1. Order of A:6-14, A:37-45, A:121-129 by packing, highest average Cβ count within 10 Å first?
2. Give me the percent relative contact order of the range A:2-132, please, defined on Cα pairs under 8 angstrom at least 6 residues apart.
3. With the cut-off at 1.5 for a/c, could you classify chain B from its C-alpha gyration tensor as rounded, prolate or oblate?
4. Using only DSSP helix segments of four residues or longer, with each worth -39500 (n - 2.57), what per-residue ellipticity at 222 nm results for chain A after dividing by its residue count and rounding to 500?
5. According to the square roots a ≥ b ≥ c of the eigenvalues of the Cα gyration tensor, what is the shape class of chain A, taking rounded for a/c under 1.5, prolate for a/b larger than b/c otherwise, and oblate for the remainder?
6. What net charge do the residues around A:Y51 carry, taking every other residue with its C-beta under 10 Å from that of A:Y51, with Lys and Arg at +1 and Asp and Glu at -1?
7. Which net charge results for the neighbourhood of A:R31, defined as the other residues with beta-carbon distances under 9 angstrom from its beta-carbon, given Lys and Arg at +1 and Asp and Glu at -1?
8. Under 18 Å between alpha carbons, and skipping anything fewer than 8 positions from A:K11 in its own chain: which lysines qualify?
Amino acid sequence: MLSISQELVDKIVAHARADHPDEACGVIAGRDGVPERFIPMENAERSPTFYRFDSMEQFKVWREMDERDEEPVVIYHSHTATEAYPSRTDVSYASEPGAHYVLVSTRDENEVEFRSYRILEGAITEEEVRFLP
Amino acid sequence: MAIEVRIPTILRNYTDGAKAVNAEGATLEELISNLESAHPGIKDRLVDQGALRRFVNVYLNDEDVRFLGGLGTPVSDGDTVTVLPAVAGG
């Protein structure tokens, strides 16, 4: 289960809306599995169907997390024309076994889908999301 | 002295859980071969058909080796090599 504050959820959704129709992506860093620090990342692909963190930005952010004793608790990205479910590409590149993979869909202008998954060794497991005030 | 190689979580099963290991070599390619002899299987996760895998980022100190010289990048004692799987998807 992912427990996440409504404030962080709103930030992820706002980022996804702002970058639509391109996919948006980023990280929520934290400790002991608690998502705390919102880090929007640049989608180096600037694409409506693909995302990739910029390699230098990722290096800086990962080093910073290391220094602060944090981990990537949430890795999020948006789907802009399809449902908030991991694609085959999402599964093949999933490389943080400890992370909650959050998917947001912005295909509907008025409604947002916000879902979370574990992706381990090619297997997708959806998990409950608890929104904290 | 040796070269410190920082290992990402997903590859630590090759290093008995170690976050960083030491290796030797004059180029990144030699370093990876040296790494492979101590941690069999790891090379295949980094290199494919003679080039770095597309979705694996390797940094020499603070630079992405793609902008330096790929596998031919010279390395020397005291350097730090960091491996990070690219965060990507569709």
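Since every read-out is calculated from the coordinates, none of them should be taken as a lab result. Please read these numbers as outputs of a predicted model, since none were measured by experiment. No Cβ is skipped: glycine too gets one built from the backbone with ideal geometry, and neighbour counts run over all protein chains shown.
1. Details: A:6-14: 15.9, A:37-45: 17.9, A:121-129: 11.3.
Ranking the peptides A:6-14, A:37-45, A:121-129 by packing returns A:37-45, A:6-14, A:121-129.
2. Details: 257 pairs, mean separation 33.1, N = 131.
Once normalised by length, the contact order is 25 percent.
3. Details: a/c = 1.39, a/b = 1.08, b/c = 1.29.
Rounded is the answer for chain B, as its axis ratio a/c remains below 1.5.
4. Values: 3 runs with 33 residues, N = 133.
Counting only the DSSP helices, I get -7500 deg cm²/dmol.
5. Numbers: a/c = 1.30, a/b = 1.17, b/c = 1.11.
Here chain A falls in the rounded category.
6. On the way: positive: A:R46, A:R52; negative: A:D19, A:D22, A:E23, A:E42, A:E45, A:D90.
Here the count lands on -4.
7. Numbers: positive: A:R68; negative: A:D32, A:E36, A:D69, A:E70, A:E71.
Local charge sum for A:R31: -4.
8. Those lysines meeting the cut-off do not exist here.
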